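Values in this text are rule-based calculations from the coordinates and carry no lab data. Only a predicted model underlies this, so the values are computations on that prediction, with no experimental measurement involved. Positions of Cβ are generated from backbone atoms using ideal geometry, with glycine treated the same way; all protein chains shown enter the neighbour counts.
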Amino acid sequence: NSSFKVSTDECNDQIDSICSILKDYDKNGMLIGEAPCTKDLIEVTDKDFEVVSIISIAAIFIIIALTLKSISLPVVLVAVIEFAIFINLGIPYYTDYSMPFIAPICISTIQLGATVDYAILMTTRYKKERMEGKSKNIAITNALSFSIPSILVSALGFFAATFGVGVYSDVSLISSMCSLISRGAIASMLSVIVILPSFLVLFDKVICKSTAGMKSVDQITEVM
């Protein structure tokens, strides 16, 4: 038995050393046990995370592009969504907290699905306001007033449903996953309410020129 804990760097280095010795005697030899299996699972999960992330982002990009009939809006929305996900998954690194190896692939997809709803809700309203002839400042103000109540109810409900489980569950995997989901709900909510409106106003000209039905909107004089 190894004196190192499973999935630690020391344990993985030990596994690599043993495998190297094993291959010298038998090229078809295999090292089995909890530690080698966990190491293999982590390596497979890392590859799966990359593939799933690429596929998910591409799918969301296409859906947003078709729904909003725009080339630039999917880029803006995906950037905001991924920012919220990176914040959620980055916090454990700075707090020195070890996540379960399956957490990133699960959390990223769940948070991606939740955040895109909030983002589309606000963006659709902003687009509608702009197409009705409103200036970008008035349009984003109206979009925020319309969207914030729905986003708050959804995000806080999502947070409340998972936070309690994350705090009180004795199963470490369930506790970690629920804690990440609850924090992700707040990160997504803040990103959509604070960052997305700024991006929509900042890239308004590009959005108007690259979105179907909005090219004439770009000529509207801004009302401060």
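Checked against the criterion of being under 25 Å from ASN88 (Cβ atoms) and either surrounded by 14 or more Cβ atoms within 10 Å (Cβ to Cβ) or more than 22 Å from the chain's Cα centre (by Cα) (or both), the candidates ALA143, ALA139 yield just one match: ALA143.
MET177 falls short on exactly one of the conditions (1) in contact with a Cys (Cβ under 8 Å, 6 or more places away or on another chain); (2) farther than 19 Å from CYS106 by Cβ; (3) of a type in the set (A, V, I, L, M), and that condition is (2). Here PHE83 passes the criteria (1) closer than 30 Å to PHE203 by Cα; (2) among the aromatic types (Phe, Trp, Tyr); (3) more than 30 Å from the chain's Cα centre (by Cα) except the one numbered (3). Candidates in the range 76-91 are the residues that are surrounded by fewer than 18 Cβ atoms within 10 Å (Cβ to Cβ) and touching a residue at least 12 places away in the same chain (Cβ under 8 Å); of these, the one that is nearest to ILE62 (Cα to Cα) is ALA79. Within the range 48-68, does at least one residue satisfy the condition of being farther than 26 Å from SER176 by Cβ, in contact with a strand residue (DSSP E or B) (Cβ under 9 Å, 6 or more places away or on another chain) and either part of a loop (DSSP other than H, G, I, E, B) or touching a residue at least 60 places away in the same chain (Cβ under 8 Å) (or both)? Looking for residues that are farther than 26 Å from SER176 by Cβ, in contact with a strand residue (DSSP E or B) (Cβ under 9 Å, 6 or more places away or on another chain) and either part of a loop (DSSP other than H, G, I, E, B) or touching a residue at least 60 places away in the same chain (Cβ under 8 Å) (or both), one finds at least one in the range 48-68, hence yes.
Scan the range 1-47 for residues that are in contact (Cβ under 8 Å) with a residue 60 or more places away in the chain and either in a loop (DSSP other than H, G, I, E, B) or more than 30 Å from the chain's Cα centre (by Cα) (or both) and jot them down. Correct list: SER7 only.
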